[in-house]
Amino acid sequence: MTEERIIVAGFGGQGILMIGKLLAHAGMMEGRNVTWLPAYGPEMRGGTANCNVIISDVLIGAPIVTEATCVIAMNLPSLDRFESFAQPGGWLLLNSSLIPRAPARHDVQILAIPVSDLARQQGSLRVANVVMLGACLALTQAVRKESAIAAIEDVLGPSKRHLLGINLNALEAGMAFVTKVQV
Amino acid sequence: MARKLMKGNEAIAAAAINAGCRYFFGYPITPQNEIPEYMSRELPKVGGAYVQAESEVAAINMVYGAAGAGARVLTSSSSPGISLMQEGISYIAGAELPCVLVNIMRAGPGLGGVQPAQADYFQATKGGGHGDYRVLVLAPANLQEAVDLTQLAFDLADKYRNPVMVLADGMIGQLMEPVEFSPYRPAAGLPPKDWATTGTVHSGGRQRVINSLYLYPDQLENHVRAIFRKYAEMERTEVRYELYNCDQADVVIVAYGTTSRIARSAIEKCRRLGLRVGLLRPITLYPFPLAAFDLVVERTKAFLVVEMSMGQMLDDVKIAVAGRRPISFYGRTGGIVPTSEEIVKQVQELLGGRGA
């Protein structure tokens, strides 16, 4: 049985919920069980955004992630809040463009990725989330790359088809970064 | 049909339209706003009508009107809004009209907060408004079930000419899961709506009256007894529940909706600790699955009721268990969702620290 339990966190506008939706969507396309649970409430307004995603081969009980196989922190407050949620041996992925400190944890696998800078190189800061998604997939194999591409196509739909290219490039850039640092 | 990733609120709204609902009246409130949002967008496309009322009181009375005309009609709200609707719900039950209500519960009392809760159990299952009546209450634990039960709710409402409530919480409303819509067919044998006030042109010149006022006590008593014969029929034929892992369980957790999912995760953790724990999950909260307890009471040592409230379903569990086994309770409230780890700890304490 494999189960990915992922927390994605950042500030509103970074496409945090979208990273989660793409993961869940791709997982569904692979025929697996998925849940996507957003934080909602007063904290959403101008503040932090986060969601929990579970992709599992078995029936999913609680959709709340407490022992994450992967924590994605897109800004410093998210690292502060969710660092402790990663399970020992799990992944802690940081947007090093915005996070000045190193994590305190020593029992997890850590990768700092300058996703904002990599996104700017692709032509828009707005695809930083998809760069992070690419890195996450390269490290965790939470879903297959083809599923992620199909999910991006589905979620963009016909009206945003013109954004497909930049998003796929962003996904590649995230994956390529991981390959480069791992070599 | 293909699986589709949807939010719980959207899935419920889509299921209502799939089941032939063409009218929605409501008023916005978090965390159920995607239901009216979806209905406002989609109902006009299928020839239906969406009205954002000036208040929940107005909305439920619009539901009363549409139901009286024989239409499949929905309203949705969250806890404080459902409280405002109670007068109208009582009238609809009194006038014996079908309608579907959705309560995506948030924490109370008062305006409370917007986070998930299950503290409207008493209100939902014991009537809620004034007078002798009940609402049939369905409690989904996942989004496919939310779709299926919402569609079923319209059939049950028509079958019994009574309001049916889909009772979920903010987490189910906001959660996304894959759902599948099969082509919907109404249940066989639903009675014709030969009571609907659609004009004497349609009733062969005979006047039809929809009313909940009976000034002569003997008439009203007869009326209420007739309504309660329907409730007796519901209690015989509409009880739904799920038993999971109860065969060898030393502790049976009783939980519905969101908490039942968390309980399942806790049961899996308990299994790894060598603890035998099962789940009794009521799907109909009214009628409550009293007889299901008889199936497990002999084999279990104790029951643990888990709710996002200070203990409301707990009362029905006490009635069902009838003193045959000890019952413990674990609840979180105010919008806090219990974790599976907290539930495991409760089980360990119940079993005298085993597995700790």
Legend entry - Members of A:Lys160/B:Lys7; A:Lys145/A:Lys180; A:Lys21/B:Lys45; B:Lys45/B:Lys159 lying beyond 24 Å, as alpha-carbon distances in this model show: A:Lys21/B:Lys45; B:Lys45/B:Lys159
Inset, instruction - Divide by every residue of chain B the summed helix terms, -39500 (n - 2.57) for each DSSP H run of at least 4, and state the resulting mean residue ellipticity at 222 nm, rounded to the nearest 500 deg cm²/dmol. - result: -12000 deg cm²/dmol
Legend entry - GNM top mover of B:Gly81, B:Gly205, B:Gly94 - chain B, alpha-carbon springs below 10 Å: B:Gly205
Inset, instruction - Determine the relative contact order of chain B: mean sequence separation of Cα pairs under 8 Å and six or more apart, normalised by residue count, in whole percent. - result: 17
Inset, instruction - Please count, across region B:195-351, the pairs of lysine residues with Cα atoms under 24 Å apart that sit 8 or more places apart or on different chains. - result: 5
Inset, instruction - Subtracting the Cα-Cα distance from 0.36 nm times the residue separation, let me have the gained length for B:Lys4 to B:Thr339 in nm, one decimal. - result: 117.8 nm
Inset, instruction - Between A:Ala104 and B:Leu243, with labels modelled 7 Å along Cα→Cβ, what's the label distance in nm to one decimal, could you check? - result: 4.8
Inset, instruction - Enumerate the helices in chain A for which the Kyte-Doolittle hydropathy averages 0.5 or more and the C-alpha atoms extend at least 24 Å along the helix's axis, using complete DSSP H runs. - result: A:164-182
Inset, instruction - Counting other Cβ atoms within 10 Å, keep those with at most 13, restrict to DSSP loop, and tell me which trypsin sites (Lys or Arg not before Pro) in region A:100-183 are left. - result: A:Arg101
Legend entry - Under-5 Å amide H pairs with B:Met165, H placed in peptide plane, nonlocal only: B:Leu101, B:Leu136, B:Val137, B:Leu138
Legend entry - Phi to ³J(HN,Hα) by Karplus 6.51 cos²θ - 1.76 cosθ + 1.60 over region B:75-92, Hz, x for Gly, Pro: 10, 9, 6, 10, 2, x, x, 5, 4, 5, 7, 4, 4, x, 5, 4, 4, 5
Legend entry - Fewest-first ranking of B:His130, B:His223, A:His162, using other Cβ atoms within 10 Å as the exposure measure: A:His162, B:His130, B:His223
Inset, instruction - Compute the Cα gyration tensor for region B:256-346, then decide on rounded, prolate or oblate, letting a ≥ b ≥ c be the square roots of its eigenvalues: rounded whenever a/c is under 1.5, prolate when a/b is larger than b/c in the other cases, and oblate in all that remain. - result: oblate
Legend entry - For region B:187-195, 3J(HN,Hα) per residue [Karplus equation, 6.51 cos²θ - 1.76 cosθ + 1.60, θ = phi - 60°, Hz, x = Gly/Pro]: 4, 5, x, 5, x, x, 8, 7, 10
Inset, instruction - On a 0 to 90° scale, report how tilted helix B:56-68 is relative to the longest principal axis of chain B, with both axes built from alpha carbons and the result rounded to the nearest 10. - result: 60
Inset, instruction - At most 15 other Cβ atoms within 10 Å plus a DSSP loop assignment makes a site exposed; report the longest stretch of chain B without any exposed GluC sites (Glu not before Pro). - result: B:55-179
Inset, instruction - Taking chain B as the reference, fit the longest principal axis to its C-alpha atoms, fit the long axis of helix B:217-237 to the helix C-alpha atoms, and give the angle between the two in degrees, 0 to 90, nearest 10. - result: 50
Inset, instruction - Under 1.5 on a/c is rounded, so check that first for region A:1-113, then, if it is not, pick prolate when a/b is larger than b/c and oblate when it is not; a ≥ b ≥ c are the square roots of the alpha carbon gyration tensor eigenvalues. - result: oblate
Legend entry - Cα-Cα separations in the protein assembly as shown greater than 47 Å, expressed as whole percent: 16
Inset, instruction - Once you have a ≥ b ≥ c as the square roots of the Cα gyration tensor eigenvalues for region B:14-66, tell me rounded if a/c is under 1.5, and otherwise prolate or oblate according to whether a/b is larger than b/c. - result: oblate
Inset, instruction - Note down the nm distance, to one decimal, between modelled labels 7 Å out along Cα→Cβ at B:Glu349 and at B:Leu111. - result: 3.4
Legend entry - Acute angle (nearest 10 degrees) that the helix B:8-18 long axis makes with the longest principal axis of chain B, alpha-carbon atoms: 40
Inset, instruction - Within region B:156-252, list the chymotrypsin sites (Phe, Trp or Tyr not before Pro) lying in a DSSP loop whose Cβ has at most 15 other Cβ atoms in a 10 Å radius. - result: B:Tyr184, B:Tyr214
Legend entry - Estimated vicinal HN-Hα couplings, Hz - region B:121-136 in sequence order (Karplus 6.51, -1.76, 1.60; Gly, Pro = x): 4, 4, 4, 6, 8, 9, x, x, x, 7, x, 7, 7, 9, 10, 6
Inset, instruction - Mind sorting B:Cys99, B:Cys246 by how few other Cβ atoms lie within 10 Å of their own Cβ, fewest first? - result: B:Cys246, B:Cys99
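Every number here is computed from the coordinates shown, using simple stated rules; none is lab data. No experiment lies behind these values; they were computed from the predicted model shown. Positions of Cβ are generated from backbone atoms using ideal geometry, with glycine treated the same way; all protein chains shown enter the neighbour counts.
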